[in-house]
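Colleague: This is the structure, below, for whatever I ask next.
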Amino acid sequence: ETGVTQSPTHLIKTRGQQVTLRCSSQSGHNTVSWYQQALGQGPQFIFQYYREEENGRGNFPPRFSGLQFPNYSSELNVNALELDDSALYLCASSSRDRWAYEQYFGPGTRLTVT
Amino acid sequence: DAKTTQPPSMDCAEGRAANLPCNHSTISGNEYVYWYRQIHSQGPQYIIHGLKNNETNEMASLIITEDRKSSTLILPHATLRDTAVYYCIVRARIYNQGGKLIFGQGTELSVKP
């Protein structure tokens with residue numbers, strides 16, 4: 001069983017730029033959630049995708065957007081980067097069609113905005 | 001989803017049991033208690049969940065009080081690799097619906113030799 005993978009591992013961007021982060025779900029999972037984790041804080045929910053549609057969103061501005069593909073992989077896009085966007089971005093996959101609702105997290109992408 | 005309260009940090013001697021408490025006094029009847037942990041610079045890892053009965057798996061045991069207002073995660077024989085931040089999360093578990101996990105600050109467990 002393949003786990004959740006994310007790319008890239010680390011990324012450095014300049015304020016105002018745009019970034020795309022990628023996530024591959026665990027085999028058999030059809031739901032992907034994205035979280036932002038600032039240094040010293042717990043992860044904060046950004047949004048979730050199920051069957052290629054956004055299904056729930058946290059308190060994040062529209063410049064945070066995402067996509068889910070037919071193979072259930074996903075992208076997180078952030079436009080007009082701000083310094084406060086520097087964080088660890090985590091992707092988690094789960095199976096929405098089962099009682100089991102455990103989310104399995106990837107290793108994260110560390111984004112630094114300068 | 002109900003709010004949880006955890007101590008910010010705890011120490012445990014290697015080989016001893018680590019008992020991590022969590023208060024969730026506003027938990028409602030359909031809400032489960034989930035535990036995740038996050039080892040430094042890694043993604044959170046699911047540990048265990050329960051509704052009202054005590055649960056055990058290969059990683060840990062979960063003890064939920066009868067009134068369900070608090071719970072304890074037990075790592076029976078802590079090792080140095082168990083050093084991590086442990087998050088207690090309360091949420092409803094609804095079939096065929098997605099949802100977010102609300103992480104608090106968690107408990108930073110340090111296992112010492």
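Colleague: Expected output is a single nm value to one decimal: the length gained when fully extending between A:Leu83 and A:Ser7, i.e. 0.36 nm times separation in residues minus the C-alpha distance. What is it? Show your work: numbers first, answer last.
Modeller: Numbers: separation 76, 0.36 × 76 = 27.36 nm, distance 2.06 nm.
In short, 25.3 nm is gained.
Colleague: Right, next: Count, for each residue of A:42-55, the Cβ atoms from other chains sitting within 10 Å of its Cβ, then give me the mean as a whole number. Write out the running numbers ahead of the final one.
Modeller: Values: counts 12, 10, 4, 5, 1, 1, 3, 1, 3, 0, 0, 0, 0, 3.
Shielding by partners across A:42-55 averages 3.
Colleague: Could you list A:Val32, A:Val78 in order of exposure, starting from the residue whose Cβ has the fewest other Cβ atoms within 10 Å?
Modeller: Numbers: A:Val32 31, A:Val78 24.
The most exposed by this proxy come first: A:Val78, A:Val32.
Colleague: Shielding of B:35-45 by partners, i.e. mean partner chain Cβ atoms within 10 Å per residue?
Modeller: Going residue by residue through B:35-45 and averaging, the value is 5.
Colleague: Placing +1 at every Lys and Arg Cβ and -1 at every Asp and Glu Cβ, with all other atoms neutral, what dipole size does the protein assembly as shown have around its Cα centre, in debye to the nearest 20? Intermediate values should be presented prior to the final figure.
Modeller: Details: 20 positive and 20 negative charges, 39 e Å.
It comes to approximately 180 debye.
Colleague: Still on this structure, please answer the following. Ordered by packing density, taken as the mean number of other Cβ atoms within 10 Å over each peptide's residues, highest first, how do B:12-21, A:52-61 rank? Before the final figure, lay out the partial values.
Modeller: Values: B:12-21: 15.8, A:52-61: 13.1.
Descending packing order for the listed peptides: B:12-21, A:52-61.
Colleague: Amide H neighbours of B:Ala78 under 5 Å, at least 5 residues apart or on other chains, H built in the peptide plane: list them.
Modeller: So B:Ala78 has HN proximity to B:Gly15, B:Arg16, B:Ala17, B:Ala18.
Colleague: Let me ask another. Normalised by the residues of chain B, what does the relative contact order come to in percent, with Cα pairs under 8 Å and at least six apart? Each step should come with its number before you reach the end.
Modeller: On the way: 277 pairs, mean separation 42.0, N = 113.
The normalised contact order for chain B reaches 37 percent.
Colleague: Let me check against my output: what whole-number percent is the relative contact order of chain A, with C-alpha pairs under 8 Å and at least 6 apart? Mind showing how you got there, number by number?
Modeller: Details: 295 pairs, mean separation 41.6, N = 114.
Relative contact order, chain A: 37 percent.
Colleague: Based on the alpha-carbon gyration tensor of chain B and its eigenvalue square roots a ≥ b ≥ c, which shape applies: rounded if a/c is under 1.5, prolate if not and a/b is larger than b/c, or oblate?
Modeller: Numbers: a/c = 1.83, a/b = 1.56, b/c = 1.17.
Taking the square roots of the gyration eigenvalues as a ≥ b ≥ c, chain B is prolate.
Colleague: Here is a follow-up. Find which of B:Leu73, B:Asn19, B:Ser41 sits farthest along the positive direction of the dipole of chain B, computed with +1 on the beta-carbon of Lys and Arg, -1 on that of Asp and Glu, about the Cα centre.
Modeller: The one lying farthest along the dipole's positive direction is B:Ser41.
Colleague: Apply the Karplus parameterisation 6.51 cos²θ - 1.76 cosθ + 1.60, with θ equal to phi minus 60°, to every residue of the stretch A:36-46 and state each ³J(HN,Hα) to the nearest whole Hz, in sequence, with x for glycine and proline.
Modeller: Listing the rounded values in order: 10, 10, 6, 4, x, 10, x, x, 10, 5, 9 Hz.
Colleague: Pull out the extension gain between B:Ile63 and B:Gln105, defined as 0.36 nm times the separation in residues minus the alpha carbon to alpha carbon distance; nm, one decimal.
Modeller: On the way: separation 42, 0.36 × 42 = 15.12 nm, distance 2.08 nm.
The B:Ile63-B:Gln105 span can extend by a further 13.0 nm.
Colleague: Ok, one more. Just going by the charge dipole of the stretch A:1-109, with Lys and Arg at +1 and Asp and Glu at -1 on Cβ, which of A:Gln68, A:Val78, A:Ser94 is farthest out on the positive end?
Modeller: Positive-end residue among those listed: A:Val78.
Colleague: For chain A, with only Lys/Arg (+1) and Asp/Glu (-1) charged at the beta-carbon, what is the dipole magnitude about the Cα centre, in debye rounded to 20? Mind showing how you got there, number by number?
Modeller: Values: 9 positive and 10 negative charges, 34 e Å.
Approximately 160 debye in magnitude.
Colleague: Next up: Calculate the dipole size of chain B relative to its Cα centre from +1 charges on Lys and Arg beta carbons and -1 charges on Asp and Glu beta carbons; express the result in debye to the nearest 20. Don't jump to the answer; show the numbers that get you there.
Modeller: Numbers: 11 positive and 10 negative charges, 43 e Å.
Once rounded to the nearest 20, the dipole reads 200 debye.
Colleague: Calculated FRET efficiency, B:Ser25 and B:Thr56, Cβ-Cβ r, R0 22 Å, to nearest 0.05?
Modeller: Numbers: r = 24 Å, r/R0 = 1.11.
Efficiency, rounded to the nearest 0.05: 0.35.
Colleague: Calculate how many DSSP beta bridges within the protein assembly as shown are antiparallel, expressed in % of all such bridges and rounded to the nearest 5.
Modeller: Details: 63 of 72 bridges.
Antiparallel: roughly 90 percent of the beta bridges in the protein assembly as shown.
Every read-out reported here was derived from the displayed coordinates using simple, explicitly stated rules and does not represent laboratory data. Not measured: the values here are computed from a predicted model. Methodologically, a virtual Cβ is constructed for each residue, glycine included, from the backbone with ideal geometry; neighbour enumeration extends over all protein chains shown.
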